[in-house]
Structure formats: structure tokens, C-alpha cells
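**Q** Sharing a structure here in C-alpha cells format.
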2 protein chains.
Amino acid sequence: MRPWLISIVLALVPLDAGGPTPAADGPRFDGDKLVQPAGYDMWPVVGASLGLSYSQRVEGSDPGTFHRVYVNPTAYATFRGTGKFPNGTIFVLELHEAAAKTSIAQGGYFEGRRVGLEASVKDSRQKDGWAYYGFENGALESAKAFPDARCHSCHEAHGEVDSVFVQFYPNLRK
Amino acid sequence: MRPWLISIVLALVPLDAGGPTPAADGPRFDGDKLVQPAGYDMWPVVGASLGLSYSQRVEGSDPGTFHRVYVNPTAYATFRGTGKFPNGTIFVLELHEAAAKTSIAQGGYFEGRRVGLEASVKDSRQKDGWAYYGFENGALESAKAFPDARCHSCHEAHGEVDSVFVQFYPNLRK
């Protein structure tokens with residue numbers, strides 16, 4: 001095997017490679033970058049929301065964006081069985097514009113153009129236990145974790161279970 | 001095998017039992033009733049919407065309900081590959097109340113209590129090619145198809161592809 005090929009193979013090892021057999025649908029890293037998860041559109045969606053914000057919205061303002069949150073099937077099954085997220089849990093957040101008045105839709109909103117693609121990973125190597133990534137709406141094949149603690153401090157303070165906003169996700173609440 | 005057991009087994013045959021091997025995730029019938037699909041929460045979600053309506057909404061009225069649409073993985077893969085829905089395609093529609101101002105959410109809406117569970121099946125035995133079912137928000141283990149053509153006439157007139165509202169579903173549009 002050529003040296004460059006070996007280093008690619010070594011760089012793409014999944015999280016927890018030294019521990020129990022990692023989930024095939026778990027996060028993959030290229031060095032310290034999270035590789036954009038392939039095929040996540042087949043993963044379970046735990047919840048959708050429109051325009052969720054942490055500050056009071058101005059009446060009559062635009063509806064905001066749709067959020068749709070996927071999780072890898074292994075972590076979903078584990079959480080449904082145990083109430084705990086395993087190391088290597090990966091959530092994918094898609095943002096879509098709120099589209100309206102297309103076709104027969106005279107009122108309400110549906111998911112229009114995608115405008116964001118982000119992820120969070122439960123990772124025991126991280127100081128906070130979780131890391132957060134942005135793929136610039138898919139333009140980045142891999143991304144480094146956001147360097148500051150802003151994502152996590154809010155998730156930790158308000159996420160109902162293990163820094164995850166389970167309270168907003170019907171398929172994890174039930 | 002006792003006679004009543006045989007009749008249960010025979011009644012639960014999947015669609016197209018006499019044709020090519022049916023998809024394991026396809027619809028199952030108990031006589032002429034569609035059995036509520038088990039494990040559909042693991043299926044791909046093709047789109048989410050809030051308050052979509054076919055008539056003009058009154059400004060300031062409530063936001064309506066969230067719709068979330070799942071499809072069986074076999075049909076999803078077939079459609080992504082060919083642009084066609086196979087016989088035995090099953091869509092599941094969940095409706096959730098639009099919940100607001102919980103936890104840190106000061107604006108916007110997320111999926112609250114589930115208030116509806118419906119399904120549509122592409123079924124070559126049906127005159128219209130599709131049939132539509134309601135499970136009374138999960139209370140019914142199985143359901144007969146809605147007897148009138150109201151569902152289908154709208155789907156047929158406005159559904160972009162094969163009576164399906166593909167135009168509202170980002171994961172089928174792309």
C-alpha cells in the first residue's frame with residue numbers, strides 16, 4: 001500500500017477505534033475534521049421546528065428557518081432503549097428556508113431551499129463531551145469543530161438530556 | 001397449524017405477494033385494512049411543513065399543525081434512483097401540534113403533541129392507483145381506506161409526481 005493511501009486510511013478511522021466495535025454509522029474524521037456524513041438523509045429524524053429562537057420574535061417578522069434534526073440509527077436505537085446517548089452519537093441539523101404560496105399551498109410554510117448543514121458529535125475526547133461542526137451548507141466536505149464554547153454552553157444549560165434539546169424532539173421524548 | 005392462525009397468517013400477506021419478492025418494509029394488510037406500519041420512525045423523512053393549507057389563512061390566526069412525512073426506505077431508494085414510486089410505496093403522515101414558548105424557545109414553533117397519523121399506499125389493486133388511510137392518531141391498529149375520492153382527486157390534480165406532493169419535499173426534490 002502506498003504511504004499516502006495508508007495515511008488516508010488511518011485518518012478516516014472512526015471514533016473509538018480502540019474500544020468496542022464502533023458503529024458503522026458513527027462519525028468519521030479526517031485528522032481533526034469531521035467528514036460530512038454520507039447518507040444521513042436515510043437516518044431517523046427526531047424533530048422539526050420553524051423559526052425557533054431564544055429571543056422574543058417581533059410580530060409580523062418573517063417566519064425564520066426550518067430546522068430538521070437527524071441522528072445516526074445506532075444512537076437512536078440506543079437512546080430509545082436506554083435513555084442515554086452513546087459515545088459517537090452524531091446529530092445532523094439541516095436548515096431550510098420557509099417557502100410559501102407555491103402550488104396549492106395558500107397558507108403555511110414548507111421546507112424550501114436548504115441554507116445550512118451542521119452536526120454535533122458526542123465525543124469523549126472533547127473537553128465538553130460534545131463538539132459542533134458547520135459544513136457551510138454542504139460546501140465543506142469536512143469541518144473542524146467550532147473553536148469556542150458558545151454552542152455547548154447553551155446546549156449544556158438548556159438541553160434536557162445530556163446537552164441535547166430532547167424537549168423539542170417528539171421522537172426522543174416519547 | 002390451527003385454522004384461526006392460518007387465516008391470520010394469510011391475512012397478513014404483503015402487497016404483491018404473488019409477484020416479485022415484496023419489500024420487507026412495504027405495506028401489510030389485514031384483510032382490506034392497512035396495518036399501522038411498525039418502526040416507521042426509523043424511515044426517511046422527506047419533508048416537514050407547518051400549517052400548509054389550500055385556502056388563504058387569516059393573518060394572526062394560529063400557526064396550524066406540523067406535518068411530517070416518512071416513506072419506506074425501499075421506495076425512497078427506488079425513487080431517488082429512478083424518479084418513480086414502486087408499487088407498495090407507503091407514506092406515513094404524522095401531525096403534531098405547533099408548540100411554542102417552552103424551555104428557551106421564545107419565538108417560533110416546534111413539534112408538540114402528536115395529533116394525527118395517516119398513510120397513503122401505492123397499490124395497483126386500487127382504481128386510483130393509491131389509497132389513503134387514517135389511524136385515528138394511532139388508536140387504530142389497522143384501518144380501511146377512506147372510501148371517497150376526495151384525497152386522491154386533490155393529490156392527482158396537484159401532486160407533482162404520480163399524485164405525490166414532491167414539490168413540498170426537499171429530500172425528493174433534490
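FYI, it's all coordinate maths here, none of it is from the lab. Because the structure is predicted, anything quoted here is derived from the model rather than measured. Note that each Cβ is placed from the backbone with ideal geometry, even for glycine, and that neighbours are counted across all protein chains shown.
**Q** Among A:132, A:87, A:100, whose Cα lies farthest out toward the positive end of the dipole of region A:73-133, if unit charges sit on the beta carbon of Lys, Arg (+1) and Asp, Glu (-1)?
**A** My answer, from the dipole projection, is A:87.
**Q** What is the set of long-range amide H partners of residue B:45 at a cut-off below 5 Å, with H atoms built 1.01 Å from backbone N?
**A** So residue B:45 has HN proximity to A:45.
**Q** Determine the gain in length on full extension of the stretch residue A:148-residue A:32; use 0.36 nm per residue of separation and subtract their C-alpha separation, reporting nm with one decimal.
**A** That pair, residue A:148 and residue A:32, stretches by 40.2 nm at full extension.
**Q** Averaged over peptide A:36-42, how many Cβ atoms belonging to another chain are found within 10 Å of each residue's Cβ?
**A** 3
**Q** A further question follows. Averaged across A:162-168, how many Cβ atoms of other chains sit within 10 Å of each residue's Cβ atom?
**A** That works out to 3 on average.
**Q** With r as the distance between the Cβ atoms of residue B:157 and residue B:127 and R0 = 22 Å, compute the FRET efficiency 1/(1 + (r/R0)^6) and round to 0.05.
**A** With a Förster radius of 22 Å, E is 0.85.
**Q** Can you tell me the FRET efficiency between residue B:101 and residue A:84 if r is taken as the Cβ-Cβ distance and R0 is 45 Å, rounded to the nearest 0.05?
**A** Calculated value: 0.95.
**Q** For residue B:62 and residue B:136 in the same chain, what is the full-extension length gain: residue separation times 0.36 nm, less their Cα-Cα distance, in nm?
**A** Net length gain for the segment: 24.4 nm.
**Q** Let me ask something else. Please arrange B:144, B:127 by counting, for each residue, the other beta carbons lying within 10 Å of its beta carbon, fewest first.
**A** In increasing order of surrounding Cβ atoms, one gets B:127, B:144.
**Q** So if I take the centroid of the Cα atoms in region B:85-118 and the same for region A:95-174, what is the distance between those two points in Å?
**A** 17
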